[in-house]
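Visitor: Dropping a structure here in structure tokens format, bear with me for questions.
The values are calculated or read from the model by the stated rules, or taken from the named source; none is laboratory data. Nothing here was measured: the structure is a model prediction, and the numbers come from that model. So basically every Cβ, Gly included, is an ideal-geometry build from the backbone, and we count neighbours across all protein chains shown. All accessible areas refer to the heavy atoms of the entire protein, side chains included, with ligands and DNA or RNA removed. Shrake-Rupley method; radii C 1.70, N 1.55, O 1.52, S 1.80 Å.
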Amino acid sequence: MNTQTTTPGTSTELRLEKFQVTAEEDASPGGRFANWFYAVGVGFFEPRADAEDYPAYVRAFTADGRVLVGVHDDAPGALSVDGAVPVATYASMRNTLNAGGPEPLKAHLITSVTVRPSHRRRGLLRRMMTEDLQDAAAAGVPVAVLTASEATIYGRFGFGCATFTSSVTVDVRERFAVLGTPTGRTELAEPAEVPALSGEVFARFHARTRGSVGRQYSYARRVSGQWGRERPVEDKAVRTAVHYDDAGNAVGYVAYRFEGWSKEPYTVSILDLVAGTEESYLALWRYLGALDLIQEITWDGAAVDDPLPWALADRRCYRVNGVEDVLWVRLLDVARALEGRGYRSSGRLVFEVADALGLAGGTYQLTVTGGRGRVERVDADSEVDVAMDIAALGSLYLGGVSPGALVGAGLVEQRTEGAIELLNDLFRDAENPYCITHF
């Protein structure tokens, strides 16, 4: 794929280039991929990549099937940075989303969105986003998802925040103890074994966890220490422990790093913790709590309804420092998306959806029987139970946001009595959706 188009700028034509990287053509410094990658780093205040790192990034992007977009300003003398470096960037790839249905849904993942300050207010983001979402919808992908560095940007494109995680600190000194009977065993893993084990464990987690998104190539390398925080080179400070059940199956792992003797209290930071069973989750915490000399464990990816504090002998060992949104959801095909999720009760609702981009708006009837939904379009003059825009539907989609809260915020309108209670009964679940994949 290699396409170029132009769009009117204020004084020149801006060239949009869409391409996929290939190991043969794009790993050289100063090449197309290197210039695009540099522009992304500028947007996110990251250091310039080392030339020897480009082949590793190209392998990763190729494995992910990423489609990259760069917008170039070719006006002579107009830029202090080489015109070969994009003034705006965008990327997308495909993976799966667990929406609580019988099968994972195909999802369109969006990442690496930047626009240089000198080129704001020219509609570059709107063009890149709109064209990409139109292409994904035309390809039959029912949902698009992203993780947002800025919360003010994506609502206008129909994305609603749908999952959340907690940043926690756990005191693992003398009073720390996990109740219950331990099962299986937890062992430190050899780094070379971790990529395969982590994939096996994550597959278990992904299959049982509503809100989970399939992972990209880099995850297995980072949790094994093959890739570091800033470069795709070995990080010898990373350790990974794997929990095996009584049958010897790998069902959980935790990758962690000691933050050094200069930091007090002595702290271990969790890089990634994935558990395929409830027992494995607690077993990994028993392991962490038994690390010699460590006083605190920090983690930014705990579930909002984390069971750990309830399993502690002293729940005051567990402190929540804050809650952050993770996954933002945008429906591209309302019928396929709603028929692909699970429901906890039965009922019928007619809802009106507004979509400023014209991709998924309309009036729909949802009929749920036995936990499965059937959706059909109905006439616009049909009696509507609830009305909302597509971003609000994205927030509700995975069941982690209260319909009542969105009514209170003015984002959902109840038009027939009892409709919000039914919407809540259909969409909410006993557990909040949980996404630990960032992209």
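Visitor: Gly371 versus (1) touching a residue at least 12 places away in the same chain (Cβ under 8 Å); (2) open to solvent by 30 Å² or more (accessible area, probe 1.4 Å); (3) more than 18 Å from Gly160 (Cβ to Cβ): which is the lone unmet condition?
Guide: (2)
Visitor: With in contact (Cβ under 8 Å) with a residue 24 or more places away in the chain, surrounded by 19 or more Cβ atoms within 10 Å (Cβ to Cβ) and closer than 21 Å to Asn432 by Cβ as the only criterion, which of Arg344, Arg330 stands out?
Guide: Unique residue meeting the criteria: Arg330.
Visitor: Oh, and also: I'd like to know if region 225-236 contains one or more residues that are aromatic (Phe, Trp, Tyr), touching a helix residue (DSSP H, G or I) at 6+ places or on another chain (Cβ under 6 Å) and under 25 Å from Pro309 (Cβ atoms).
Guide: no
Visitor: Can we say Ala88 is more than 20 Å from Asp325 (Cβ to Cβ) and either out of contact with any helix residue (DSSP H, G or I) (no Cβ under 8 Å at 6 or more places or on another chain) or crowded, with 18+ Cβ neighbours inside 10 Å (or both)?
Guide: Answer is yes for this residue.
Visitor: While we're here: Which residue out of Asp246, Asp272, Asp235 is among the acidic types (Asp, Glu) and part of a strand (DSSP E or B)?
Guide: Selected residue: Asp272, the only one of Asp246, Asp272, Asp235 that is among the acidic types (Asp, Glu) and part of a strand (DSSP E or B).
Visitor: Name every residue in region 139-166 that is of a type in the set (Ser, Thr, Tyr), at pLDDT 95 or above and not in a strand (DSSP E or B), in order of residue number.
Guide: Those that are of a type in the set (Ser, Thr, Tyr), at pLDDT 95 or above and not in a strand (DSSP E or B): Tyr154, Thr163.
Visitor: Please find, within region 405-419, the residue that is nearest to Leu327 (Cα to Cα) out of those that are open to solvent by less than 40 Å² (accessible area, probe 1.4 Å) and under 28 Å from the mean Cα position of the chain (by Cα).
Guide: Here the answer is Leu406.
Visitor: Does Ala189 qualify as being of a type outside the set (Ser, Thr, Tyr), more than 20 Å from Asp305 (Cα to Cα) and open to solvent by 10 Å² or more (accessible area, probe 1.4 Å)?
Guide: Considered against the rule, which asks whether it is of a type outside the set (Ser, Thr, Tyr), more than 20 Å from Asp305 (Cα to Cα) and open to solvent by 10 Å² or more (accessible area, probe 1.4 Å), Ala189 comes out as yes.
Visitor: Could you look through region 286-305, keep only residues that are in contact with a helix residue (DSSP H, G or I) (Cβ under 9 Å, 6 or more places away or on another chain) and buried (at least 20 other Cβ atoms within 10 Å of the Cβ), and pick out the one that is nearest to Asp272 (Cα to Cα)?
Guide: Only one residue fits best here, namely Ala302.
Visitor: Continuing with this model, one more query. Pairs needed: first member in region 120-145, more than 16 Å from Asp333 (Cα to Cα) and touching a residue at least 60 places away in the same chain (Cβ under 8 Å); second member anywhere, open to solvent by less than 20 Å² (accessible area, probe 1.4 Å) and aromatic (Phe, Trp, Tyr); C-beta distance under 8 Å; at least 6 residues apart or different chains.
Guide: Listed by first residue and then by second, the contacts come to Met128/Tyr90.
Visitor: Listed residues Ala380, Ala354; which is among the aliphatic types (A, V, I, L, M), in contact with a Ser or Thr (Cβ under 7 Å, 6 or more places away or on another chain), open to solvent by 40 Å² or more (accessible area, probe 1.4 Å) and farther than 16 Å from Glu103 by Cα?
Guide: Ala380 is the lone residue from the list that is among the aliphatic types (A, V, I, L, M), in contact with a Ser or Thr (Cβ under 7 Å, 6 or more places away or on another chain), open to solvent by 40 Å² or more (accessible area, probe 1.4 Å) and farther than 16 Å from Glu103 by Cα.
Visitor: Just for region 91-121: of the residues that are touching a His at 6+ places or on another chain (Cβ under 8 Å) and open to solvent by 20 Å² or more (accessible area, probe 1.4 Å), which one is nearest to Arg208 (Cα to Cα)?
Guide: So the residue we want is Pro104.
Visitor: Still on this structure, I have one more. Taking Cys161 and the conditions (1) within 16 Å of the chain's Cα centre (by Cα); (2) open to solvent by less than 10 Å² (accessible area, probe 1.4 Å), which numbered condition does it fall short on, given that it satisfies the others?
Guide: Here Cys161 meets the rest and fails (2).
Visitor: Now a separate question. Select from region 385-432 the residues that are among the basic types (Lys, Arg) and at pLDDT 95 or above and list them in ascending order.
Guide: Once the filter is applied, which keeps residues that are among the basic types (Lys, Arg) and at pLDDT 95 or above, region 385-432 yields only Arg415.
Visitor: Kindly indicate which of Ser262, Ser269, Ser224 is small (Gly, Ala, Ser) and open to solvent by 40 Å² or more (accessible area, probe 1.4 Å).
Guide: Ser262
Visitor: Still on this structure, please answer the following. Do we find a residue being part of a helix (DSSP H, G or I), touching a residue at least 60 places away in the same chain (Cβ under 8 Å), of a type in the set (D, E, K, R) and over 26 Å from Ala237 (Cα atoms) anywhere in region 174-193?
Guide: no
Visitor: Would you point out the residue of region 39-83, among those that are open to solvent by 70 Å² or more (accessible area, probe 1.4 Å), more than 24 Å from the chain's Cα centre (by Cα) and under 21 Å from Pro117 (Cα atoms), that is modelled with the highest pLDDT?
Guide: Looking at the filtered set, the residue picked out is Arg48.
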